[in-house]
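J.: My structure is below; once you've seen it, I'll send some questions.
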Amino acid sequence: MDVEELMKYCNNLIDFLKDEKDIVGLQHFLRHSKALQSQCDKDFEEVQLSIEDYEKKIVACKQKESAAESESIADVELDFLEKELEKRQKLERMLREELRVTANGIDDLELQRASLEEQMQTLKKSEQDELRSEMKLSMHASVTNIIPNLDDLSKISGHIVVRDKKAVDNFEFDPAKHSTFDACNGIWKMIKLQ
């Protein structure tokens, strides 16, 4: 293989491997999602503690109500306690709704994290497949001196490079007029004539 072409190929490969902007972006988003997950967990714990505190207060209010009934407390004070109980129950419902919304947010973040991991794996696999294909194409070109034209897949075309004579011969076969076998034989005949 020509040393200049090998150096050019190596430089292109190095440039390709240095381009990590997609992976870095995905990793950055994943770090943010973990931070958001942590904050949601903290908020969830705070809301849970508040709910437990209000449940204790509700129990205390109910005990006060029971004691008030047994001791024949005045109707005014009983009404006050009932209103206080209603306020606390309303607050409890609001806190439970907040807790539900927070739990849904955590579930959504988990789904996004799973999706990001899947995208990262797919991206990594496609990069490996592309590198493998480039290496196969390079090996094929080195062994056969044939460089296929992959831009137009409607025809079989490319170049035959003869390094000794510093010549390049183009070839092109129409798949509608030539079978794959005929095209292959035609290419080998062109190589033998070199």
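The values are calculated or read from the model by the stated rules, or taken from the named source; none is laboratory data. Note that this is a predicted model, so its numbers are computed, not measured. Cβ coordinates were reconstructed from backbone atoms using ideal geometry, including for glycine residues, and neighbour counts include every protein chain displayed. Side chains are part of the model used for accessible areas, which takes the heavy atoms of the whole protein and leaves out ligands, DNA and RNA. Shrake-Rupley method; radii C 1.70, N 1.55, O 1.52, S 1.80 Å.
J.: Give me the percent relative contact order of the chain, please, defined on Cα pairs under 8 angstrom at least 6 residues apart.
T.: 15 percent
J.: Related question: Can you tell me the 0 to 90 degree angle between the C-alpha axis of helix 75-144 and the longest principal axis of the chain, rounded to 10?
T.: 10 degrees
J.: Follow-up. How big is the gap, in Å, between the Cα center of the range 32-105 and the Cα center of the range 162-194?
T.: 83 Å
J.: Sticking with this one: Give, in nm to one decimal, the length gained when the segment between E77 and R93 is fully stretched (0.36 nm per residue of separation minus the Cα-Cα distance).
T.: 3.3 nm
J.: According to a simple spin-label model (label point 7 Å from Cα along Cα-to-Cβ), what is the distance in nm between D152 and F181?
T.: 2.7 nm
J.: Okay, next question. Set the Förster radius R0 to 25 Å, insert the Cβ-Cβ distance between R100 and R31 as r into 1/(1 + (r/R0)^6), and round the FRET efficiency to 0.05.
T.: With a Förster radius of 25 Å, E is 0.40.
J.: Per residue, how many Å² of accessible area does the chain show with a 1.4 Å probe?
T.: About 77 Å² of surface per residue is accessible.
J.: Something else about it: At 7 Å along Cα-to-Cβ for each site, give me the label-to-label distance between Q63 and L111 in nm.
T.: 4.4 nm
J.: What distance in nm separates the simple spin-label points at E4 and E172, each placed 7 Å from Cα in the Cβ direction?
T.: 2.7 nm
J.: Within the range 163-180, name every residue whose backbone N is under 19 Å away from a label modeled 7 Å from Cα of S142 along the Cβ vector.
T.: Residues 163-164 qualify, since their backbone N sits under 19 Å from the label point.
J.: Compute the FRET efficiency between E45 and N11 as 1/(1 + (r/R0)^6), taking r as their Cβ-Cβ distance and R0 = 35 Å, and round to the nearest 0.05.
T.: The formula returns an efficiency of 0.05 here.
J.: A further question follows. So how do 35-41, 126-132 stack up, highest first, on mean other-Cβ count within 10 Å?
T.: By packing density, highest mean first, the sequence is 35-41, 126-132.
J.: When the label point is put 7 Å from the Cα of W188 along its Cα-to-beta-carbon vector, which residues of the range 153-181 have a backbone N closer than 12 Å?
T.: Output list for this probe position: 181.
J.: I'd like the carbon and sulfur percentage of the solvent accessible area for the range 38-194, probe radius 1.4 Å, heavy atoms only, ligands and nucleic acids excluded.
T.: 54 percent
J.: Moving on. Given the convex hull over the Cα atoms of the chain, what projected area results after averaging over all orientations, in nm²?
T.: The Cα convex hull of the chain, projected and averaged over all directions, gives 19.3 nm².
J.: May I pose another question? For K192, go through the lysines and keep the ones whose alpha-carbon is under 29 Å away, minus same-chain ones fewer than eight residues off.
T.: K8, K136, K155, K165, K166, K177
J.: Related question: Rounded to the nearest 20 debye, what is the charge dipole size of the chain about its Cα centre when +1 sits on each Lys and Arg Cβ and -1 on each Asp and Glu Cβ?
T.: Computed about the Cα centre, the dipole is about 1380 debye.
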